[in-house]
Amino acid sequence: MERRTLIIILLVLLGITTVCAQQPTQISGTVYNQATGHVLVGASVTGGGHTVVTNGDGYFVLKADAELKSISVSHIGFRAQRVRLTGQQDSPLRVGLSPATIQLQEVLVMNGNARKLVASAISKIPKNYSQQPELFHCFYRETAQKRSHYIMVAEGVVDMYKTAYDYQNNDDRVAIRKGRRLLSPRKGDTLSVKVTGGPVLPLQLDMVKQRDWLLNEEELDCYEMEMDVPTTIGDRQQFVVSIRPRRRMPYALYHGRLYIDQETLAFTRAELSLDMSDRNKATDMMLVKKPLGVRFRPKELSLLIDYRLEDGITRISYIRTLFRFNCDWRRRLFATAFTACCEMVVTGQESTTERPIRGRDTFDQRDAFYDKVDYFLDPVFWQDYNIIEPTESLNRAITRLMKRM
């Protein structure tokens, strides 16, 4: 009898311990440049195996299953900082990052041979990136603006399955787990133009794995390359290679920078913008479909692709695309400016031995994300999910759109 009582007491104590260990934590704050006081957009905030990025206001919210003792904050060109937390944070943090300094001798390491550096980085892809299938948990958002007003917002939690980086039969997949959308009800705001994008972007634009559009010998021959001023990402020194088109091709090429870790020679970041010198070529790269009679005039397509080093493996962490274009109907005097933005951040990752996304759940590149999710009115829709916090202007736009509906 006494033994049974003891077992019951032990089970109760274990249950209490488990509950206490799983107390959820929410940390919020703003990241800023300590030298200027300006907020830092796109800073990476990591803690408890979860990651978010700061929004356009430099603000973030990080949610974890258990109490966090510290968070790590980093941004390109700044020293990374580990912030120690004392119990539950009652007020938002203010995290100032100091600009990093680069030692002069690091500028001359590759002796200006940018193409050789890029080739070396390509040869080390099998060593630097995952050789096992992995499942990534992500947050995705796409927005459309007519002039300066938001006319569409769609966002969702998605899973992304990626096979090993040396796997020849590529079977990468994306599935929507939860999503919502809002569209302006005004007839004049409706635009039946579809540009490239959607949750498949991290599959299509993972330049390290999908090397057919940039990181292959034939494509690289189309570019001039030169060593640029090195920088840091977190506490790691980076080579920077500038690229620009050197020959005419049947399709548009890119201007931009490639960032390469000085120690591992892993590609860690790419900042690219589509060459707009030939409007027809740019249109072919950007436009999927449009109504008959609408004129599409491309203005900008910029890409940001970020990778993060963790446990000796470099993994994709953030992708952002920005489209700017004008549209008008024939016989109209003035064109209307539109901006479309898609971004996805990896909030968590795990290894997997099986294919976790079934074929019928897979998001196809021909699908429109907007058509796959429902209208939303729930103010606590995301609950415990990690997301990219909307900026104040986007929050106001969402409130206005909801009122119109």
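Brief remarks on what is shown
- DSSP bridge pairs, the chain: antiparallel proportion in percent, nearest 5: 95 percent
- Extension gain, residue 166 to residue 221: 0.36 nm times the residue separation minus the Cα-Cα distance gives 17.5 nm.
- Entry for percent of Cα pairs over 31 Å apart (calculated from the structure that is shown) out of [x] 40; [y] 32; [z] 44: [z]
- Pairs of Cα atoms nearer than 8 Å and 6+ residues apart set the relative contact order; for segment 312-372 it is 29 percent.
- For segment 275-390, a Kirkwood hydrodynamic radius built from all Cα pairs, placed in the Stokes-Einstein relation at 20 °C and 1.002 mPa s, yields a translational diffusion coefficient of 118 µm²/s.
- Carbon/sulfur fraction of accessible area - the chain, other protein chains in place, 1.4 Å, %: 49 percent
- Partners for residue 372 among lysines (Cα-Cα distance below 23 Å; same-chain residues under 8 apart left out): 146, 162, 178, 187, 194, 289, 290, 403
- Short-range pairs are left out: with C-alpha atoms under 8 Å and at least six residues apart, the relative contact order of the chain is 18 percent.
- Candidates 225, 239, 121 compared by Cα position along the dipole of the chain: farthest toward the positive end lies 225, with charges placed on Cβ.
- For the pair residue 204 and residue 310, the difference between a 0.36 nm per residue extended length and the Cα-Cα distance amounts to 35.9 nm.
- Once the Cβ-Cβ distance of residue 148 and residue 124 is raised to the sixth power relative to R0 = 41 Å, the FRET efficiency obtained is 0.40.
- On the beta carbon distance between residue 360 and residue 211, with R0 = 22 Å, the FRET formula returns roughly 0.15.
- GNM top mover of 140, 318, 370 - the chain, alpha-carbon springs below 10 Å: 370
- Phi to ³J(HN,Hα) by Karplus 6.51 cos²θ - 1.76 cosθ + 1.60 over segment 245-251, Hz, x for Gly, Pro: x, 10, 8, 7, 10, x, 9
- Relative to the current alpha-carbon distance between residue 353 and residue 262, full extension at 0.36 nm per residue lengthens the span by 29.5 nm.
- Backbone phi angles across segment 47-62, fed through the Karplus curve with coefficients 6.51, -1.76 and 1.60 (θ = phi - 60°), yield HN-Hα couplings of x, x, x, 10, 9, 9, 10, 6, 7, x, 9, x, 9, 9, 9, 10 Hz in residue order; Gly and Pro are listed as x.
- Accessible area of the chain divided out per residue, in Å², using a probe of 1.4 angstrom: 53 Å²
- Calculated FRET value between residue 178 and residue 322, using beta carbons and R₀ = 22 Å, to 0.05: 0.30
- The string of couplings for segment 336-346 from the Karplus curve (6.51, -1.76, 1.60, θ = phi - 60°) is 9, 8, 10, 10, 10, 10, 10, 8, 9, 10, 7 Hz, one whole number per residue in order, with x for Gly and Pro.
The values are calculated or read from the model by the stated rules, or taken from the named source; none is laboratory data. The shown structure was predicted, so the numbers you read here are calculated from the model rather than taken from an experiment. Using ideal geometry, Cβ is built from the backbone for each residue, glycine included, and neighbour counts are taken over all protein chains shown. SASA here: full protein model, heavy atoms, side chains in, ligands and nucleic acids out. Shrake-Rupley method; radii C 1.70, N 1.55, O 1.52, S 1.80 Å.
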